[in-house]
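The values are calculated or read from the model by the stated rules, or taken from the named source; none is laboratory data. No experiment lies behind these values; they were computed from the predicted model shown. Here the Cβ positions follow ideal geometry from the backbone for every residue, glycine too, while neighbour counts run over all protein chains shown. Ligands, DNA and RNA are stripped out before the accessible areas are found, and what is left, the full protein with its side chains, is counted by its heavy atoms. Shrake-Rupley method; radii C 1.70, N 1.55, O 1.52, S 1.80 Å.
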Amino acid sequence: MTFNRSGRQKYKSSRLKKVSFVFFILFSFWGYRIHSQQAYITGMVKDSLSGEALIGVVVQAGSTGAITDVGGNYSLKADSGEIKVSFRYVSYRNEEKTVHVNAGETVKLDLLMVNDSKTMGIVVVSSGRYEQNIGEVPVSMEVLKPKLIENKGTTTMETIMDQVPGVSMTDGQANIRGGSGYSYGSGSRVLLVVDDMPLLSGDAGDVKWNYLPIENVSQVEVMKGASSALFGSSALNGVIHFRTAYPTDHPQTTISLINGFYGDPERASLKWWGANNPVFNGINFSHLRQVGNFDLVIGGHLYNDQGYRYLETEQRERLNVNTRYRFKKIPGLSAGINTNMMRTTGGLFIIWYNDSLAYTPSGNTLQHYTNYRWNVDPFIVWATPKGHHHALRTRYFETKNLNDTKQSATAGFYYAEYQYQYRFNCGVTFTAGAVGTRTLVRAELYPGATSEQTPWYGKLFLGDSVTHTSTNLSGYFQADKKFFDKLFVTIGVRGEYFKLDTAKTNYDLKISKSDTLHLPFRPVVRIGVNYQIAEATYLRISYGQGYRFPCIAEKFIRTETSGLEIYPNLNLQPEDGQSAEIGVKQGFRITKNWKGYGDAAIYWMQYHNMMEFAFHQWGNPMTDPFFGFGFKSLNVGTTRIRGVDMSVMGQGQIGKFGVSLLAGYTYMDPISLTWTAAKDTNIANPGAGTAYYNILKYRYKHIAKFDGEVSYKKFSVGASMRYNSYMENIDKIFLVAVPGIAAYREKFHTGDLVFDTRIMYQLNDVTRISFIANNIFNREYTQRPADVQPPRNFAMQVVLKF
């Protein structure tokens, strides 16, 4: 038989139709079989004691899985027959239930999960961007609970951060394990994160601790060491994650009022006031409630401080609102908008008049300012029934700094991040994301501008005349896996691209001795291993890289504060670094109801092209204020910091007493790897220090912290201690340019030891009264040269909760 071309086509077409029909019948039958055999399991998971819904519980039924949503609900598909359903949640006992379901049937399976007393009972999210037991985290981490923040009468997070082991504060900049020196008001190496998004100002990259809504905090997590792989630039030295609270089933209102005054300093010459001591007072308010599927949080803060330093006052007003809607028809889907806004006014100075008049500004003048900050954060999160977790978070953050020196600045910071997370059946938790940021600045404060045309989205907030721009694009992924139920491994990679005006990221990757790959982005990696060697003993090893581009202020700033100039550095280069540690965390229990952990780590950090502010005669001595002396950001070369970090934390009930504890000790050995005595001790050399041996400037070798509280029935008593050893090295030119620095350092050379105390009484179910005394022994101390800290001060606090 023969076919022509047309016949062959007709034969093939007819045959294809027959085969397609057969497959259609087979797939229809198979689809019917699958549909007819499928069943559904739904339910709600709660805590066995509190009855609160548990969010993020992993529910597994055969090859399918789900994650509980914000209401504790889950829904998953399963084959008909007898099914084993497992439930896993951090710090809770693993549960497994067996149910029988028929084809096409929906079975309801609710569960009350029991907190596992063998765990440390502290859940954190900063290490992997998902909830983990703190014992399994492969890096050093400290956790602050809202109880400590509230009981110390904290009016700004800066004071409470100075209580964290391994952390020191200098002019508002956080320094973890000596990873930073002096960086006045710009270029933080520690990234502040609020609810998974960075909150550093767009132009200066600084933290304003009084902007954080302490009236609505659920937990603060401090992660030590380079964390740029997961969190990006500015996480070179670590991450401070501020997590706000959402409402539970029961509405809660909290009002906190504080009134206090500064006592007389020990030296009479420091007292500039007469018979009326300076006072401070404030009020915090928060209300959390659920309205059906809608979560609402409203908080506010008012504060007035007459100041212990002459003319340096502060007044601030802050309002924050968090909202979230949980979609009922789409399980696991939620969306919301968070916002925070603050206005502050006051006066500020940097340099004292002299050591005898340390609370008086140089020249009896200071800078008067009015600052505005506000952010709005739309977000949407979807945890699908199959365990896929999608999150889109966005933020617009605006800072406006006005002063009487005609050098104002307005910066708009745009942020967007998409994150995907999934836990595979093999136990791997995969996290990936993409981040884009854009900063637009309109400022007299930063000369040397490109003066590019303002884009349409910038005109919405800033108007025209943008003077500087900064762009960051990055992508990242991290994989976490637990082996043999004891070994936890994490690997993360990130790529960073920066553009600041016309300067861009360029990176040369060495392939071999002769081959180099030129990349337009900077890759960084993170590796961590954690092994549970006993019931509550965890051994960890970690390594991380970091990369930071200069912020706009570090490179372009030119301003004057109290007659002191701050100069630009147009040749400032990016810095990069790496850190590693080996540590052990040991959980322990003193009684059935009191548990805690001890942690010890040996750490190592190394930075290349490290950026730090240096004090020297940068300007013209004939025409510039203060004879041209001032600060300027420099690349100080390659540096290395090694040391030991130890901490202990615990809380619970010991007999009839409630006891909480947070303490730590840190030893640091910070040196320059390019140090020479001839250069680095020569006063004519910019950046030369006072020490005649190799130690980085503005660091402490020893830091010790302690906070403890004991409660019995309605009474509670607490005490805090902070010790910083003598700051051995500062800019040498300070001794010549600033009156009294040399004499003051000679007199106060034994370090700083400061004690605070507090007494609390629970008046009734609603009201608690506290009496707080800070710097109880009236110790005179500084955080940097010419900056004497507050004398002994007293406060009374009333907290109402209903």
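What FRET efficiency do you get for residue 82 and residue 114 if R0 is 30 Å and r is their Cβ-Cβ distance, rounded to the nearest 0.05? About 0.75, to the nearest 0.05. Checking the table 152/271; 328/481; 152/801; 46/656; 84/329; 224/499 against a 21 Å threshold on Cα-Cα, which pairs fail? Distance filter (> 21 Å) returns 152/271; 328/481; 46/656; 84/329; 224/499.
With the contact rule set at Cα under 8 Å and sequence spacing of 6 or more, what percent relative contact order holds for the chain? Walk me through the numbers before you get to the answer.
Working: 2214 pairs, mean separation 84.0, N = 802.
So the answer I get is 10 percent.
Of the chain, which part is the longest with no trypsin sites (Lys or Arg not before Pro) in a loop (DSSP not H, G, I, E, B) and with at most 10 other C-beta atoms within 10 angstrom? The segment 1-328 is the longest one with no such site.
Assuming a viscosity of 1.306 mPa s and a temperature of 10 °C, what translational diffusion coefficient in µm² per second does Stokes-Einstein assign to region 171-245, Rh being the Kirkwood radius over Cα pairs? Don't jump to the answer; show the numbers that get you there.
Numbers: Rh = 12.4 Å.
The Stokes-Einstein estimate is 128 µm²/s.
About the centre of its Cα atoms, the chain shows a dipole size close to 3080 debye [charges on the beta carbon of Lys, Arg (+1) and Asp, Glu (-1) only; nearest 20 debye]. Across the options 536, 471, 181, the greatest Cα extent toward the positive end of the charge dipole of the chain (unit charges at beta carbon of Lys, Arg, Asp, Glu) belongs to 536. For the chain, the longest principal axis of the C-alpha atoms and the axis of helix 5-37 are separated by about 70°.
If R0 is taken as 22 Å, the Cβ-Cβ distance between residue 102 and residue 328 corresponds to a FRET efficiency of 0.25.
Among residues other than residue 489 whose Cβ falls under 15 Å from its Cβ, what is the net charge (Lys/Arg +1, Asp/Glu -1)?
Details: positive: 423, 481, 482, 486, 526, 540; negative: 136, 480, 485.
Result for the local shell: +3.
Looking at the chain, the accessible area is 43 square angstrom per residue; that uses a 1.4 Å probe and ignores ligands, DNA and RNA. Bridgeable aspartates and glutamates around residue 585 (alpha carbons under 13 Å apart, same-chain partners fewer than 8 residues away excluded): 136, 142, 535, 599, 645. Available extension along the chain between residue 365 and residue 473 is 34.6 nm, counting 0.36 nm per residue and deducting the alpha carbon span. Between the beta carbons of residue 293 and residue 759, assuming R0 = 51 Å, the FRET efficiency works out to 0.75 to the nearest 0.05.
With the simple model of a label 7 Å out from the Cα in the direction of the Cβ, residue 266 to residue 489 spans 5.6 nm. Just to confirm a number: summing +1 for Lys and Arg and -1 for Asp and Glu over residues other than residue 239 whose beta-carbon lies under 9 angstrom from that of residue 239, what do you get? Result for the neighbourhood of residue 239: 0. Short to long, the 5 Å bins of the Cα pair-distance histogram for region 611-764 hold 2, 8, 13, 15, 13, 12, 9, 8, 7, 6, 5, 3, 1, 0, 0 percent of all pairs. In this simple spin-label model, placing a label point 7 Å from the Cα along the Cα-to-Cβ direction at both residue 627 and residue 386 gives a separation of 7.3 nm.
Lysine pairs, Cα distance under 22 Å, 8 or more residues apart or cross-chain: how many in region 684-765?
Values: 697/705; 697/732; 697/747; 701/732; 701/747; 732/747.
For region 684-765, the number of qualifying lysine pairs is 6.
Here's the list of aspartates and glutamates a cross-link from residue 400 could span, going by alpha-carbon distance under 14 Å and ignoring same-chain residues fewer than 8 apart: 203, 206, 444. Counted by Cβ distance under 14 Å from residue 629, the other residues give a net charge of -2, where Lys and Arg count +1 and Asp and Glu count -1. Straight-line cross-link reach from residue 679 at under 20 Å between alpha-carbon atoms covers these aspartates and glutamates, not counting any fewer than eight positions away in the same chain: 612, 728, 731. Per-residue extension of 0.36 nm, minus the Cα-Cα distance of residue 434 and residue 582, leaves a gain of 50.3 nm for this segment. Between residue 717 and residue 693, residue separation times 0.36 nm minus the direct Cα-Cα distance comes to 4.2 nm.
Set the bar at 27 Å for Cα to Cα. Now go through 108/386; 208/632; 145/386 and name every pair that lies beyond it.
Listed pairs above 27 Å: 145/386.
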